[in-house]
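Here, each number is a calculation from the coordinates, and none is a lab measurement. Just so it is clear, the model here is predicted, and its values are computed rather than measured. So basically every Cβ, Gly included, is an ideal-geometry build from the backbone, and we count neighbours across all protein chains shown.
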Amino acid sequence: MDWCPRCDQGWVVRCRVRERADVIKVCEECDTVWLEGQAVSTAVYTDLDPYLSGFGKEPLWSNLVPLERGAQR
Ligand SMILES: [Zn+2]
């Protein structure tokens, strides 16, 4: 599991988008999103809000299914 390089305050956990097959990595603290295959770095990233909005979903963790256990969830 990666430590978030953007906020330096949380773990980046792999999650699947609910009702979809898409797998992403999300920071538990700042909701930064890295797509599958993207390196966790500050060079390329997106955010949970625009990412889930693209699927017509609210930017909520309840729309994600964690595939590994982070510090808090
Ligand atoms: Zn973060």
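Data for the structure
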quantity: Difference of contour (0.36 nm per residue) and Cα-Cα distance, MET1 to GLN38; calculated: 11.9 nm
quantity: Neighbour-count ranking [beta-carbon atoms within 10 angstrom, fewest first] of CYS27, CYS4; calculated: CYS4, CYS27
quantity: Most fluctuating residue given options GLU19, GLU58, GLU36, as computed from a GNM of the chain linking Cα atoms under 10 Å; calculated: GLU19
quantity: Overall form of the chain per C-alpha gyration tensor (a/c, 1.5; a/b vs b/c); calculated: prolate
